[in-house]
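What follows is a set of notes on a single structure, which appears directly below.
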């Protein structure tokens, strides 16, 4: 019954140089995951060839995208199909680089394992370099050669610590030059960029740049983000979303049973997801909370903070009448970014605080517009102070630091107190706040994410081997058994639109927001009234790697696939 | 691959009356746990008899305990042993009540299942009543008859929602009278009290009272608390500790990999456990954090808040020199209760705030003793305000509301800033705070807690059937396979000492604190210097119910058993 642990010594450099699994100690579950077999889609297990589809366009403003990507625009999607002739791609040995870009997501290590194994299986003698610390590693040519021994301890493990990540971008002509120098120095045939919407946009710019300058290095992107907001028809989901949502849902389910057992707390749970509310929606579908706030809906119907507060308060009152003085409420991290009046207030505050002295008497407040002044007064004192005091180096209010869940608790408390005095509420209200974020970004990837990531990486290897560039690795048909998954690449330019910034058009991969007409939101919307009043809590329990539910995929993906079918 | 769910309709009353699993929806993992087989110790599977040991004493002040429990003091421990004659206990049908008392702990439902199954197996035709909402349910005679259908949906499930819990105590003569009336009304042969140290003390008082008044109702206690501070030689662990620590350790492990991957955050994790630091110690043994603060040690060596801050800051500096600007730090919820100077400050503040006006100029501060004034000034402003503003209905400072982890982050920041200016620190420091508490109290119990609780409940049934009272259900030899576990009961009076309160002796079961000479602390102490500087993080991963690590028991128990052996 004792816990055994194993020590790996994967790296060769000093600990400070290798922040990874150098002499790491592994738990039994971690160890067992190391040898978890990763099934490949059939098409990757047998000889395959690549078939191109028809010319692609862009997600919006194709003319502008065409101008920004003269060498890449219009590339057809590539699809891997079984081939009679043995041996896919060329016989050439490849030199490939890989980089992790942006925030952590469970499964990143498996993308790298997938690339590595492709090279081992199909382009023997190839070399894989891991750029350290994100895109900065490309610019500074900081890398490690990834060997079988180096990679092994990271297989099916969470985190990005194999080569770490970073948030730098390759943007300026000088930075592109540095990337080029690295590509030439290492004689790179290809580069795989594992990242979110920004990083994949960057990957495409890099691909365009290399091609424009006749640098041979091809670039392939991989869709990563726990936020789930990088997806399209060809890329049904970003990796990490499945695992992160299941970890959060385990916690939410536990808190729900606690709420029901104790009978006296309202748990306000803030979940990661600043731009889009996919995580919150998915966790709601997994656990059935009493109240769920979806940022996209708040924005669409132009709700004010008062509206949101009233909605929560109304449900609390109704539940109070039924004898329920407890509940669970999910809130997306980015909620206040979705509320137009809050954005307005913050913009005005940034302006005022940059130029004026904040006087004790509060005369400065007169400079706020009427609506903003009202909103400011409506906010709890602690939040007012936070808005005034905590500013970033540019003097801007730090919206990210506002603990939305605590703010809402205070606002609901105030509103309930009012109703109590009016005699319309007789219940008891005690709020408990939670923020689930860092707990979910580096968990051991689920079987789904493990397999999906491995296929994404393997596919990226195949695409590079076939001479493709400017594509994002695309694995589809995810509702079917792994054997039947489809594998290919989608033109990154096809995912793009432009945004006007500083008078120039900038290419962007539009974030996929929660669609109010999409199947996941509609399912949620059809059930939330029942969830509000009746307690339909589900506790998904901890992620299992063997046995029941171990191969389940998340509700969002399942519903979206169902709606497509 | 789809997620299936099952609806149970266990209760018969309305939802408001049955806050439990009435028409609950279950996840696949929850459903799979329902039919998880529960092995029993061999002695419970075959005919057994009860053998009494020798007369017991008390944990302290036996003379006073003898006076307080004239009818029960000195009871021998009872041990179940195999018997040749079939049929244990009498042929009598029993009427038994059960109550959950205090905070939730994973496994409570299995104790009830164990009692129920014992009665089904060995005293057919018996009745089990569940008192609703804790001890108040006994006093108000609020109960539900527990049937096979009612209990089934709760088997191996987390939470206390089958009958809910409560924090009331049966203390006054009137309350004892009410309990007596319920016992008579329901014609109870026995009552099982599932609770922590206070609740088991209460159980013993109830047993004494019933016997003193010739009420036939016998009382048996069961050791419950995630805090792990109710244990002794005969009761090696309280249930729920194993599951809760594993849930927290899953989260800590994830945060560790995140810390290492990101390389720029110090995560300060506060863990439940107000009185004792067992949870923090166990989580440290499971995950190997860089810094762990154990309250009992802080108290033993009389550390000040400044000492604790300096200790953390020193490690941060050393790590900075090695290039590590990240780390994970565990802090017990009750930390500041362990610091003598803080207790002194709070006592003085309570006094001052009760009588004096707090003037803006801060003259009131002059009333603090010198040391307290210094400490107050040392505290971050937000904490000063919290101490001044947030008081309970009695006007007392609410220590529980102080977010110790945030306080420490601010104090370490200040100290590092100082060292930076002195030129002795050149690193970067960013703190992230976490509190893991409610997430762990109601998770699906581990295989260990599921089995242990079932045995505790089954044993409680056996003890009542054999006419025992005033004992706590005791299951031992937990390091061995379940078949070899020992089963019996220990006199609750043997666990007791007295405390003098309001001039009277009060019986108390002393909380088991972290022993600085005990095997778990010694193991931790022998490794913490290495953990501080080298990164020996272990990520235990999510609790598994099948396969690797699914039958592991926690380090604390394992080490304590090892030290005994």
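Read-outs throughout are calculated quantities, based only on the coordinates presented, and are distinct from any laboratory measurement. Predicted model only: the values in this text are computed from it and were never measured. Please note: Cβ atoms are built from the backbone with ideal geometry, for glycine as well, and neighbour counts cover all protein chains shown.
The figures follow:
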item	result
Partner chain coverage, peptide A:155-161 - average Cβ within 10 angstrom	5
For the axis carrying chain A to chain B: nearest C-beta residue of A, whole Å	A:542, 2
Kirkwood-Stokes translational diffusion coefficient of region B:356-492, alpha-carbon pairs, 37 °C, 0.692 mPa s, µm²/s	158
Taking chain A and dividing mean pair separation by its residue count, relative contact order in percent (alpha carbons under 8 Å, at least six apart)	23
Fewest-first ranking of B:331, B:336, B:50, using other Cβ atoms within 10 Å as the exposure measure	B:50, B:336, B:331
Kirkwood Rh, angstrom, region A:44-113 [1 / mean 1/r, Cα pairs]	15.8
Teacher prompt: residue B:503 distances to equivalent labels in other copies, 7 Å Cα→Cβ, nm	8.8
Distance from region A:109-163 to region A:260-275 (C-alpha centre basis), Å	38
Inter-copy label distances at residue B:363 (7 Å, Cα→Cβ; nm, one decimal)	3.0
Globularity index of region A:272-383, i.e. its alpha-carbon radius of gyration over 2.2 N^0.38 Å	1.27
Percent breakdown of C-alpha pair distances by 20 Å bin, ordered from the shortest bin, for the protein assembly as shown	12, 40, 35, 12, 1
Average beta-carbon neighbours from other chains, 10 Å sphere, peptide B:548-555	5
Cubic angstrom per residue, convex hull over Cα atoms of chain A	175
Prolate/oblate/rounded call for region A:147-237, Cα gyration tensor, a/c under 1.5 rounded	oblate
Cα shape, region A:405-456, gyration tensor, a/c 1.5 rule	prolate
Whole-angstrom Cα spans of region A:341-387 along principal axes, big to small	22, 19, 18
Peptide-level mean, for A:255-268, of C-beta atoms on other protein chains within 10 Å	6
Cα extents of region B:51-155 along the three principal axes, largest first (Å)	47, 41, 26
Label-to-label distance, nm, for residues given as residue A:124 and residue B:366 (7 Å Cα→Cβ offset)	8.9
Highest to lowest packing among B:403-415, B:263-275, A:234-246, scored as the average C-beta count within 10 Å	A:234-246, B:263-275, B:403-415
Base-10 log of normalised Debye intensity for region A:427-565 (one unit scatterer per alpha-carbon) at q = 0.14, 0.16, 0.20 Å⁻¹	-1.02, -1.22, -1.43
Relative exposure of A:129, A:452, B:537, B:311, judged by other C-beta atoms within 10 Å (fewest first)	B:311, A:129, B:537, A:452
Degrees separating the helix B:340-355 axis from the principal Cα axis of chain B, which is the longest one	90
Gyration tensor (alpha-carbon) shape descriptor, region A:199-343, a/c threshold 1.5	prolate
Percentage, to the nearest whole number, of Cα pairs in region B:81-222 over 19 Å apart	48
Per-copy distances of the residue B:426 label point, shortest first, in nm (7 angstrom along Cα→Cβ)	6.9
Alpha-carbon centroid distance for the pair region A:403-458 / region A:312-337, whole angstrom	11
Sequence of A:93, A:504 once ranked by neighbouring C-beta atoms within 10 Å, starting from the fewest	A:504, A:93
